[in-house]
Amino acid sequence: MAIDKQYPYLRMSQNIKSHFDNGLLLYIGNEFDLAEVLVIIESRRKLITVNIMAQSIPNTEVKTQAEYNAGDFVEYYIGGASSEVRERNNITMPAFKGCLRNVKLNNEFKSLMEVVGVSRGCPKNLALRKAEFNLGSSLTGNLTDFSLAADVSVSLGFKSSEAQGLLLQNSQLVTGIKLELVDGHVVLTFGDTVWKSTKQYKDGQWHYVTVIKTGRKIDLLIDDKYEAPGKRSETYRPGPDTLVALGKDTFKGCVSNVYLRRPSNLYRAEDLSMFTSTGNALVGQCSSERPPHMMLDSSPKKI
């Protein structure tokens with residue numbers, strides 16, 4: 001955003017909407033020894049942190065003695081920062097993901113100088129449908145009307161380079177479901193029956209698993225191909241009711257488009273931002289496909 005006049009003061013305002021825990025909202029500064037302002041949203045701690053001259057001030061209304069003179073700044077960044085700015089100031093916070101409205105400078109709407117990775121409009125549904133898991137992390141959801149006793153469909157996408165890890169688990173009064181990687185094979189345990197894929201899926205590519213229960217018949221599909229019928233397990237014992245768990249401390253990789261079809265949610269993927277996170281579970285992103293958070297630097301280069 002260009003600052004095209006020498007204002008006696010700068011008032012930068014915008015409305016935000018996001019389900020992401022962290023994001024860079026605004027950066028203003030220059031290459032000289034003047035005040036630099038960095039605004040970061042951290043919704044997990046319910047904070048908007050303003051860093052001024054490298055001092056962190058967690059408050060929604062910040063007063064500071066940083067010096068400002070009209071004409072000090074000629075532009076500022078919204079929702080991210082250029083690679084040059086990031087490197088110079090060691091900014092590692094990812095770019096803001098969500099919706100911004102009513103972006104104003106001193107109560108006036110301004111035209112953007114350059115737009116990178118931004119589209120018009122703001123969808124009503126900002127559901128986060130993927131997550132990245134590291135060892136020791138998990139997501140759990142209390143889906144009260146999700147039942148394994150009646151006809152049910154469960155599906156999800158995953159990618160991992162690891163041979164072991166639990167993808168999804170839920171135990172109910174008389175039955176339960178568990179999807180996991182064992183020696184690179186997808187293994188499904190549904191009640192007292194176990195399925196094991198013929199192929200291994202530890203190749204770091206996306207694969208999609210679907211479990212369909214109709215009456216007493218249960219099918220396992222991987223990448224739209226049916227697996228061989230399951231075999232009875234003599235060691236199965238129903239466990240106590242539990243929450244729906246993803247990852248559960250042992251999975252390293254990504255999960256996306258989790259469908260747990262039930263009367264209240266027949267055709268929508270689960271919003272993983274509504275699940276409880278433990279450990280280093282990163283909701284809304286997958287590092288191997290994470291788009292660059294750098295923004296182009298439009299300032300003239302010195303030769």
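The values are calculated or read from the model by the stated rules, or taken from the named source; none is laboratory data. On a predicted model such as this, the values are computed, not experimentally measured, just so you know. Glycine also receives a Cβ, built like all others from the backbone with ideal geometry; neighbour counts cover every protein chain displayed. To get the accessible areas, we keep the full protein, side chains included, count just its heavy atoms, and leave off ligands, DNA and RNA. Shrake-Rupley method; radii C 1.70, N 1.55, O 1.52, S 1.80 Å.
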Efficiency of FRET from Cβ geometry, ASN22 and ASN134, R₀ 25 Å, rounded to 0.05: 0.95
Sticking with the crude label model, points 7 Å out along Cα→Cβ, report the distance from ASP223 to SER161 in nm, one decimal please. 1.9 nm
Quote the accessible area belonging to ILE78 in square angstrom, nearest 10, computed with a 1.4 Å probe and with ligands, DNA and RNA left uncounted. 30 Å²
Calculate, in nm to one decimal, what LYS196 and ASP145 gain on full extension: separation in residues at 0.36 nm each, minus their alpha carbon distance. 15.5 nm
Pop a pseudo-label 7 angstrom from the Cα along the beta-carbon direction at both LEU10 and HIS207 and give the gap in nm to one decimal. 5.1 nm
FRET efficiency, TYR267 to ARG88 (Cβ-Cβ, R0 45 Å, nearest 0.05): 0.45
With a Förster radius of 41 Å, plug the Cβ-Cβ distance of MET113 and LEU243 into 1/(1 + (r/R0)^6) and report the FRET value to the nearest 0.05. 0.30
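Write down the accessible area per residue of segment 111-237 in Å², having rolled a 1.4 Å probe over the full set of protein chains. Provide the component values of the computation, followed by the final result.
Working: 7090 Å² over 127 residues.
For segment 111-237, the per-residue accessible area is 56 Å².
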